[in-house]
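Read the structure below first, then the notes.
The values are calculated or read from the model by the stated rules, or taken from the named source; none is laboratory data. Quick caveat: nothing in here was measured; it's all calculated off a predicted structure. Counting neighbours? That spans all protein chains shown, and the Cβs are built from the backbone with ideal geometry, glycine included.
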């Protein structure tokens, strides 16, 4: 066999290896990207559940005489602001996640203030509807924490994979970019709790 033929076969072999390796890496990146999108959908679902509870909460609180109007207005405004922030599930860039987290954090703080004020109204706390909403909010906040943790784990797996060699080469070629995480900030995203002693102490 001529030397030129051997070299040609070697080059073709390397090219085929790269193609097969690239196909495998691409398929894995697609699967991991889909996993991040699915995890994000769950995050959005639990935040939407909380948002859906707020109108009933506000309506219940409004029924109490002399309840602080400014506190109610801040919750309504924060909810409106949070619902306007849309995140592209196919991108989930750090900037998008930070913007979403910031708006939801403002809503969490507004809810926390409302519930602290509600503690001052025994007649409100005594109503079954208010207690039920408190319980639902607490459960929702717990779900939010769980889903955010799951999302971060899936994103970590994806981000780690696309940064490894040789995937990092294919990620750049096919446009698989790093995803953003939920990050702890100083109280901005802290979930309001039904036991409000911690909030009062802040």
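Considering segment 119-183, the qualifying helices (runs of 4 or more DSSP H), each wholly inside and each with 3 or more residues that are at pLDDT 95 or above and under 21 Å from the mean Cα position of the chain (by Cα), run over 128-163.
For segment 184-201, the count of residues that are buried (at least 18 other Cβ atoms within 10 Å of the Cβ) and at pLDDT 90 or above is zero.
Residue 87 falls short of the stated requirement of being in contact (Cβ under 8 Å) with a residue 60 or more places away in the chain and not in a helix (DSSP H, G or I).
Being crowded, with 19+ Cβ neighbours inside 10 Å and part of a helix (DSSP H, G or I) is the filter here, so list the residues in segment 90-100 that pass it.
Scanning segment 90-100 gives 97, 100.
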